[in-house]
Amino acid sequence: MHGFLQSQKDSSHVQFNFTLSRPEKDQAALLAAIEQFGIKNALPDALRYRIGLIVDELVTNCIAHGACIGENQTVQVCILNKEDELVIEITDSGLPFDPTSHPLPQDPENGPMRVGGVGLHLVRRLTDQMQYTRNDNRNHVVISLDKTKRENACSLKK
Amino acid sequence: MLLKEIDHPDAAIFHVEGRLDSSSTPELEQRVLTSLEQGVKNLVLDFSELEYINSAGLRILVMSYQRLHPLGGQVMVCGVRDYIAEIFDISGYNRVFSMYPDLHQAIRTFAATQNGQ
(Lines give C-alpha, C1' and ligand atoms only; values in the text may rest on other atoms or scores of the structure.)
Protein backbone atom coordinates (compact mmCIF):
# COMPACT_ATOMS: atom_id res chain seq x y z
CA MET A 1 0.00 0.00 0.00
CA HIS A 2 2.86 2.39 0.79
CA GLY A 3 3.76 4.71 -2.03
CA PHE A 4 0.47 4.18 -3.74
CA LEU A 5 -0.46 7.81 -3.55
CA GLN A 6 3.11 9.06 -3.72
CA SER A 7 3.44 7.59 -7.19
CA GLN A 8 0.20 9.21 -8.32
CA LYS A 9 0.57 12.66 -6.92
CA ASP A 10 0.56 14.29 -10.33
CA SER A 11 -2.28 12.24 -11.72
CA SER A 12 -5.98 12.85 -11.46
CA HIS A 13 -6.35 9.81 -9.21
CA VAL A 14 -5.41 11.76 -6.10
CA GLN A 15 -8.55 13.70 -5.40
CA PHE A 16 -7.34 15.64 -2.38
CA ASN A 17 -3.91 17.16 -1.97
CA PHE A 18 -3.11 19.74 0.69
CA THR A 19 0.30 20.95 1.84
CA LEU A 20 0.75 22.66 5.17
CA SER A 21 3.70 24.99 4.79
CA ARG A 22 3.28 26.28 8.36
CA PRO A 23 1.73 23.20 9.96
CA GLU A 24 0.75 24.75 13.29
CA LYS A 25 -1.10 27.59 11.53
CA ASP A 26 -2.57 25.70 8.59
CA GLN A 27 -4.18 22.80 10.49
CA ALA A 28 -7.63 24.41 10.74
CA ALA A 29 -7.65 25.21 7.01
CA LEU A 30 -6.67 21.60 6.26
CA LEU A 31 -9.56 20.21 8.32
CA ALA A 32 -12.02 22.61 6.67
CA ALA A 33 -10.79 21.52 3.25
CA ILE A 34 -11.16 17.83 4.18
CA GLU A 35 -14.72 18.47 5.34
CA GLN A 36 -15.52 20.15 2.02
CA PHE A 37 -13.90 17.23 0.16
CA GLY A 38 -16.13 14.83 2.09
CA ILE A 39 -19.27 16.83 1.35
CA LYS A 40 -18.37 17.19 -2.33
CA ASN A 41 -17.89 13.42 -2.59
CA ALA A 42 -21.13 12.73 -0.69
CA LEU A 43 -19.31 10.75 2.00
CA PRO A 44 -21.51 9.77 4.99
CA ASP A 45 -21.24 11.86 8.18
CA ALA A 46 -19.55 9.01 10.07
CA LEU A 47 -16.87 8.53 7.41
CA ARG A 48 -16.25 12.28 7.11
CA TYR A 49 -15.80 12.43 10.87
CA ARG A 50 -13.45 9.48 10.83
CA ILE A 51 -11.25 10.96 8.09
CA GLY A 52 -11.10 14.35 9.76
CA LEU A 53 -10.30 12.92 13.18
CA ILE A 54 -7.54 10.63 11.90
CA VAL A 55 -5.83 13.44 9.97
CA ASP A 56 -6.36 15.91 12.83
CA GLU A 57 -4.75 13.63 15.42
CA LEU A 58 -1.83 12.60 13.20
CA VAL A 59 -1.04 16.17 12.16
CA THR A 60 -1.26 17.21 15.82
CA ASN A 61 1.29 14.49 16.59
CA CYS A 62 3.58 15.78 13.82
CA ILE A 63 3.46 19.23 15.40
CA ALA A 64 3.61 18.21 19.07
CA HIS A 65 5.99 15.23 18.97
CA GLY A 66 7.74 15.60 15.63
CA ALA A 67 8.62 19.26 16.10
CA CYS A 68 7.00 19.95 12.75
CA ILE A 69 6.67 23.67 13.42
CA GLY A 70 7.63 26.71 11.39
CA GLU A 71 8.22 27.63 7.79
CA ASN A 72 10.99 25.08 7.24
CA GLN A 73 8.65 22.16 7.95
CA THR A 74 5.89 20.76 5.78
CA VAL A 75 3.10 18.25 6.11
CA GLN A 76 1.36 16.93 3.00
CA VAL A 77 -2.00 15.15 3.08
CA CYS A 78 -3.32 13.25 0.07
CA ILE A 79 -6.61 11.36 -0.12
CA LEU A 80 -7.83 8.94 -2.72
CA ASN A 81 -11.53 8.13 -2.67
CA LYS A 82 -12.05 4.74 -4.33
CA GLU A 83 -15.25 2.79 -4.67
CA ASP A 84 -14.82 0.56 -1.60
CA GLU A 85 -11.79 2.09 0.06
CA LEU A 86 -10.46 5.45 1.08
CA VAL A 87 -6.68 5.89 1.23
CA ILE A 88 -4.99 8.68 3.18
CA GLU A 89 -1.30 9.44 2.93
CA ILE A 90 0.42 11.85 5.30
CA THR A 91 4.03 12.86 4.69
CA ASP A 92 5.89 15.16 7.06
CA SER A 93 9.38 16.54 7.48
CA GLY A 94 9.45 16.24 11.26
CA LEU A 95 11.44 13.99 13.56
CA PRO A 96 10.98 10.22 13.13
CA PHE A 97 7.67 9.17 14.63
CA ASP A 98 5.98 5.84 14.00
CA PRO A 99 2.30 6.02 14.95
CA THR A 100 1.88 2.28 14.38
CA SER A 101 4.29 1.26 17.14
CA HIS A 102 4.56 4.24 19.48
CA PRO A 103 3.67 2.89 22.93
CA LEU A 104 0.36 3.91 24.43
CA PRO A 105 0.17 4.64 28.15
CA GLN A 106 -2.54 2.12 28.98
CA ASP A 107 -4.55 -0.59 27.27
CA PRO A 108 -8.15 0.67 27.24
CA GLU A 109 -9.30 -2.88 27.96
CA ASN A 110 -7.85 -2.34 31.43
CA GLY A 111 -9.65 0.90 32.07
CA PRO A 112 -9.97 4.40 30.67
CA MET A 113 -6.85 5.73 29.01
CA ARG A 114 -4.81 8.69 30.12
CA VAL A 115 -5.71 11.50 27.80
CA GLY A 116 -2.14 11.83 26.51
CA GLY A 117 -2.41 8.67 24.45
CA VAL A 118 -6.00 8.90 23.38
CA GLY A 119 -5.51 10.59 20.01
CA LEU A 120 -3.13 7.94 18.74
CA HIS A 121 -5.22 5.14 20.17
CA LEU A 122 -8.29 6.47 18.37
CA VAL A 123 -6.35 6.60 15.11
CA ARG A 124 -5.26 2.98 15.43
CA ARG A 125 -8.76 1.80 16.23
CA LEU A 126 -10.45 3.81 13.48
CA THR A 127 -8.15 2.68 10.67
CA ASP A 128 -8.42 -0.64 8.88
CA GLN A 129 -4.78 -0.60 7.78
CA MET A 130 -1.93 1.72 8.69
CA GLN A 131 1.66 1.52 7.47
CA TYR A 132 4.64 3.68 8.37
CA THR A 133 7.97 4.18 6.65
CA ARG A 134 10.80 6.67 7.01
CA ASN A 135 12.36 7.80 3.71
CA ASP A 136 14.35 10.87 2.66
CA ASN A 137 14.18 12.28 6.19
CA ARG A 138 10.40 12.20 6.05
CA ASN A 139 7.70 10.22 7.81
CA HIS A 140 5.20 8.51 5.52
CA VAL A 141 1.96 7.16 6.92
CA VAL A 142 -0.51 5.42 4.62
CA ILE A 143 -3.95 4.59 5.97
CA SER A 144 -6.76 2.59 4.45
CA LEU A 145 -10.41 2.84 5.46
CA ASP A 146 -12.87 0.20 4.31
CA LYS A 147 -15.93 2.11 3.09
CA THR A 148 -18.11 -0.99 3.09
CA LYS A 149 -17.70 -1.60 6.80
CA ARG A 150 -20.75 -0.72 8.81
CA GLU A 151 -20.24 1.97 11.38
CA ASN A 152 -20.40 0.77 14.93
CA ALA A 153 -23.49 1.88 16.71
CA CYS A 154 -22.86 2.45 20.35
CA SER A 155 -25.51 2.05 22.92
CA LEU A 156 -25.46 4.83 25.48
CA LYS A 157 -24.92 4.00 29.09
CA LYS A 158 -28.06 5.02 30.87
CA MET B 1 -18.48 26.17 17.54
CA LEU B 2 -21.51 27.78 19.13
CA LEU B 3 -21.49 27.58 22.91
CA LYS B 4 -24.51 28.27 25.09
CA GLU B 5 -24.63 28.05 28.87
CA ILE B 6 -27.98 27.02 30.33
CA ASP B 7 -28.83 28.38 33.76
CA HIS B 8 -29.44 25.75 36.42
CA PRO B 9 -29.09 25.97 40.22
CA ASP B 10 -27.33 22.60 40.62
CA ALA B 11 -25.13 22.29 37.56
CA ALA B 12 -23.12 24.01 34.89
CA ILE B 13 -24.80 23.05 31.63
CA PHE B 14 -23.16 23.75 28.28
CA HIS B 15 -24.81 23.19 24.93
CA VAL B 16 -22.09 22.77 22.32
CA GLU B 17 -23.00 23.07 18.65
CA GLY B 18 -20.76 22.44 15.65
CA ARG B 19 -17.08 21.54 15.83
CA LEU B 20 -15.07 21.13 19.02
CA ASP B 21 -11.51 21.09 17.71
CA SER B 22 -8.16 22.60 18.60
CA SER B 23 -9.27 26.08 17.62
CA SER B 24 -12.48 26.04 19.67
CA THR B 25 -11.49 24.02 22.75
CA PRO B 26 -9.83 27.00 24.53
CA GLU B 27 -13.20 28.80 24.69
CA LEU B 28 -15.00 25.81 26.19
CA GLU B 29 -12.10 25.07 28.52
CA GLN B 30 -12.14 28.63 29.87
CA ARG B 31 -15.91 28.58 30.44
CA VAL B 32 -15.75 25.18 32.15
CA LEU B 33 -12.83 26.24 34.34
CA THR B 34 -14.72 29.34 35.43
CA SER B 35 -17.68 27.17 36.45
CA LEU B 36 -15.47 24.74 38.36
CA GLU B 37 -13.79 27.59 40.20
CA GLN B 38 -17.23 28.82 41.24
CA GLY B 39 -17.74 25.50 43.01
CA VAL B 40 -20.14 23.72 40.68
CA LYS B 41 -20.34 19.98 41.32
CA ASN B 42 -22.18 18.75 38.26
CA LEU B 43 -20.97 19.51 34.75
CA VAL B 44 -23.35 18.67 31.92
CA LEU B 45 -22.29 18.75 28.28
CA ASP B 46 -25.16 18.68 25.83
CA PHE B 47 -23.60 17.32 22.65
CA SER B 48 -26.83 16.77 20.73
CA GLU B 49 -25.70 19.23 18.06
CA LEU B 50 -22.01 18.46 18.24
CA GLU B 51 -20.59 17.48 14.85
CA TYR B 52 -16.94 16.95 15.70
CA ILE B 53 -14.73 16.36 18.74
CA ASN B 54 -11.06 15.39 18.91
CA SER B 55 -8.76 14.38 21.75
CA ALA B 56 -8.28 18.04 22.69
CA GLY B 57 -12.01 18.27 23.33
CA LEU B 58 -12.01 15.03 25.31
CA ARG B 59 -9.19 16.44 27.41
CA ILE B 60 -11.53 19.13 28.82
CA LEU B 61 -13.94 16.45 30.00
CA VAL B 62 -11.13 14.45 31.62
CA MET B 63 -9.74 17.53 33.36
CA SER B 64 -13.23 18.28 34.70
CA TYR B 65 -13.69 14.71 35.88
CA GLN B 66 -10.36 14.78 37.70
CA ARG B 67 -11.47 17.86 39.60
CA LEU B 68 -15.09 16.90 40.27
CA HIS B 69 -14.84 13.20 41.06
CA PRO B 70 -12.91 13.61 44.36
CA LEU B 71 -15.59 16.10 45.45
CA GLY B 72 -18.43 13.72 44.71
CA GLY B 73 -19.36 15.54 41.52
CA GLN B 74 -19.80 14.19 38.05
CA VAL B 75 -19.39 14.89 34.36
CA MET B 76 -22.49 14.11 32.33
CA VAL B 77 -22.49 13.84 28.54
CA CYS B 78 -25.79 13.95 26.66
CA GLY B 79 -27.10 13.27 23.20
CA VAL B 80 -23.93 12.30 21.34
CA ARG B 81 -24.43 11.05 17.80
CA ASP B 82 -23.61 7.41 17.10
CA TYR B 83 -20.36 8.13 15.30
CA ILE B 84 -19.16 10.29 18.19
CA ALA B 85 -20.40 7.77 20.76
CA GLU B 86 -17.96 5.34 19.14
CA ILE B 87 -15.07 7.59 20.19
CA PHE B 88 -16.21 7.52 23.82
CA ASP B 89 -16.53 3.75 23.54
CA ILE B 90 -13.07 3.21 22.02
CA SER B 91 -11.35 5.51 24.52
CA GLY B 92 -13.13 3.94 27.48
CA TYR B 93 -14.49 7.31 28.55
CA ASN B 94 -18.07 6.07 28.30
CA ARG B 95 -17.22 4.20 31.52
CA VAL B 96 -15.89 7.34 33.20
CA PHE B 97 -18.49 9.92 32.29
CA SER B 98 -22.20 9.45 32.79
CA MET B 99 -23.72 9.16 29.31
CA TYR B 100 -27.37 10.10 28.66
CA PRO B 101 -29.50 10.05 25.53
CA ASP B 102 -30.61 13.64 26.11
CA LEU B 103 -30.29 16.62 28.42
CA HIS B 104 -33.68 16.06 30.03
CA GLN B 105 -32.67 12.63 31.34
CA ALA B 106 -29.36 13.93 32.67
CA ILE B 107 -31.05 16.74 34.60
CA ARG B 108 -33.64 14.36 35.97
CA THR B 109 -30.89 12.05 37.23
CA PHE B 110 -28.89 14.57 39.20
CA ALA B 111 -32.07 16.28 40.42
CA ALA B 112 -33.09 12.91 41.89
CA THR B 113 -29.62 12.55 43.44
CA GLN B 114 -29.85 16.03 44.96
CA ASN B 115 -33.19 15.07 46.51
CA GLY B 116 -31.67 11.91 47.97
CA GLN B 117 -33.70 9.54 45.84
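The values are calculated or read from the model by the stated rules, or taken from the named source; none is laboratory data. Because the structure is predicted, anything quoted here is derived from the model rather than measured. Neighbour counts run over all protein chains shown; Cβ positions are idealised from the backbone, glycine included.
Here is how the numbers come out for the structure above:
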read-out	value
Every residue from segment B:32-48 that is in a helix (DSSP H, G or I) and either of a type in the set (Ser, Thr, Tyr) or over 17 Å from residue B:2 (Cβ atoms) (or both)	B:33, B:34, B:35, B:36, B:37
Residue count for segment A:55-80, restricted to those that are crowded, with 20+ Cβ neighbours inside 10 Å and either more than 19 Å from residue A:138 (Cα to Cα) or in contact with a Lys or Arg (Cβ under 7 Å, 6 or more places away or on another chain) (or both)	1
Any hit, segment B:33-49, residues being surrounded by fewer than 19 Cβ atoms within 10 Å (Cβ to Cβ), within 14 Å of chain A (Cβ to nearest Cβ), farther than 21 Å from residue A:35 by Cβ and out of contact with any Lys or Arg (no Cβ under 6 Å at 6 or more places or on another chain)	no
Odd one out for residue B:51 among (1) assigned to a helix (DSSP H, G or I); (2) in contact (Cβ under 8 Å) with a residue 24 or more places away in the chain; (3) among the charged types (D, E, K, R); (4) closer than 28 Å to residue A:127 by Cα	(1)
Any hit, segment B:48-62, residues being modelled with pLDDT under 95 and farther than 28 Å from residue A:44 by Cβ	yes
Some residue of segment B:54-75 being aliphatic (A, V, I, L, M), more than 8 Å from chain A (Cβ to nearest Cβ), closer than 19 Å to residue B:10 by Cβ and part of a strand (DSSP E or B)	yes
Condition check for residue B:80: more than 10 Å from chain A (Cβ to nearest Cβ), among the hydrophobic types (A, V, I, L, M, F, W, C), buried (at least 20 other Cβ atoms within 10 Å of the Cβ) and closer than 27 Å to residue A:60 by Cα	no
Residue in segment B:5-15 that is within 12 Å of the chain's Cα centre (by Cα), closer than 23 Å to residue A:48 by Cα, more than 13 Å from chain A (Cβ to nearest Cβ) and surrounded by fewer than 22 Cβ atoms within 10 Å (Cβ to Cβ) present	yes
Some residue of segment B:74-93 being free of Cβ contacts under 8 Å to residues at least 12 places away in the same chain and β-branched (Val, Ile, Thr)	yes
Residues (at pLDDT below 90 and assigned to a loop (DSSP other than H, G, I, E, B)) located in segment A:84-123	A:102, A:103, A:104, A:105, A:106, A:107, A:111, A:112, A:113, A:114
Number of the condition not met by residue B:23 [criteria: (1) exposed (fewer than 15 other Cβ atoms within 10 Å of the Cβ); (2) in a helix (DSSP H, G or I)]	(2)
